[in-house]
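Trainee: Please see the structure below; I have some questions.
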């Protein structure tokens, strides 16, 4: 079974631009979560999608948004990029996650650099 | 609110000696706890999880962790370190909405 894939793996943008990151979960997984990982802040939860609906949301500004498609693939978008958005963005998928905790499987991440 | 504290940002041990990575948590109810490992340039991988069954949890690669409610701790141990254990380790607690609250991470360095 293929693992979680994220594209692109590396991205360089300039301040003010916007970016879209993509995540394909493991086949059969319906929950997709996004995290931001930085050396100073560690791993921070962005949001979780389940069956095309945002189910949980972390404490990030509205510039960070996401969506999930009917095939469970997910995208996250960051608008008006700031230098502080430079980070590794991780996507994780799980079977369900609603009524009980299911293991999250992580992708390799997208390394975003904002200049 | 749930929180998790990893007491050491870096731990350095010699190959073949025991490993101890410390984690304390705060939770208003009986939590689920996890340890994840992140090897350089690789994705995060679940090492083990505690979900209110046995307090001593065995994971992959010879790691285990013991849930101690009285001490609110969930320390990760391994009897004998291997060079391949060099990585960053994260202690994680699940909140009541099943969101994961992550510790800051502990970098494990293995000396030959």
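Only the coordinates and a few stated rules stand behind these numbers; no lab work does. None of these values were measured; they are calculated from a predicted model. Because the Cβ atoms are built from the backbone with ideal geometry, glycine has one as well, and the counts that use them run over all protein chains shown.
Trainee: Identify which of A:83, A:95, A:46 has the largest mean-square fluctuation in a Gaussian network model of chain A, with springs joining Cα atoms closer than 10 Å.
Mentor: With Cα springs under 10 Å in chain A, the top fluctuation among A:83, A:95, A:46 is at A:83.
Trainee: Here's another thing I want to ask about it. Given points 7 Å out from each Cα along the Cα-Cβ axis, report the residue B:42 to residue A:86 separation in nanometres with one decimal.
Mentor: Using points 7 Å along Cα→Cβ, the separation is 2.8 nm.
Trainee: Another question about this same structure. Per-residue mean of other chain beta-carbon atoms within 10 angstrom of the beta-carbon, peptide A:34-42? Working shown, then result.
Mentor: On the way: counts 0, 3, 0, 5, 0, 2, 1, 2, 7.
Per-residue shielding by partner chains comes out at 2.
Trainee: Apply 1/(1 + (r/R0)^6) to the Cβ-Cβ distance of residue B:111 and residue B:68, taking R0 = 45 Å, and write down the FRET efficiency to the nearest 0.05.
Mentor: Values: r = 29 Å, r/R0 = 0.64.
Taking R0 as 45 Å, the efficiency between residue B:111 and residue B:68 is 0.95.
Trainee: Which three lengths, in whole Å and largest first, does chain B cover when its Cα atoms are put on their principal axes?
Mentor: On the principal axes, chain B reaches 42, 27, 21 Å in Cα extent.
Trainee: For chain A, modelled as a GNM with alpha-carbon contacts under 10 angstrom, which of A:48, A:75, A:103 fluctuates the most?
Mentor: Answer for the Gaussian network model of chain A: A:103.
Trainee: Please report the spacing between the Cα centers of the stretch A:1-63 and the stretch B:80-112 in Å, no decimals.
Mentor: 20 Å
Trainee: What distance in nm separates the two pseudo spin-label positions at residue B:26 and residue A:77, each 7 Å out from Cα along the beta-carbon direction?
Mentor: Placing both labels 7 Å beyond Cα along the Cβ direction yields 3.7 nm.
Trainee: With springs connecting C-alpha atoms under 10 Å apart, model chain B as a Gaussian network and identify which of B:16, B:59, B:43 has the largest mean-square fluctuation.
Mentor: Highest fluctuation of the listed residues: B:43.
Trainee: Averaging sequence separations of C-alpha pairs under 8 Å and six or more residues apart, then dividing by the length of chain A, give the relative contact order as a whole percent. Please list the in-between numbers first.
Mentor: Details: 294 pairs, mean separation 41.3, N = 115.
Worked out over chain A, it gives 36 percent.
Trainee: I want to check the label-to-label distance for residue B:17 and residue B:54. Put each point 7 Å from Cα in the C-beta direction and report it in nm to one decimal.
Mentor: Label at residue B:17, label at residue B:54, 2.9 nm between them.
Trainee: Please compute the alpha carbon radius of gyration of chain A, then divide it by the globular-protein estimate 2.2 N^0.38 Å. Two decimals is fine. Walk me through the numbers on the way to the answer.
Mentor: Values: Rg = 13.4 Å, N = 115, 2.2 N^0.38 = 13.4 Å.
Compared with the compact-globule rule of thumb, chain A sits at 1.00.
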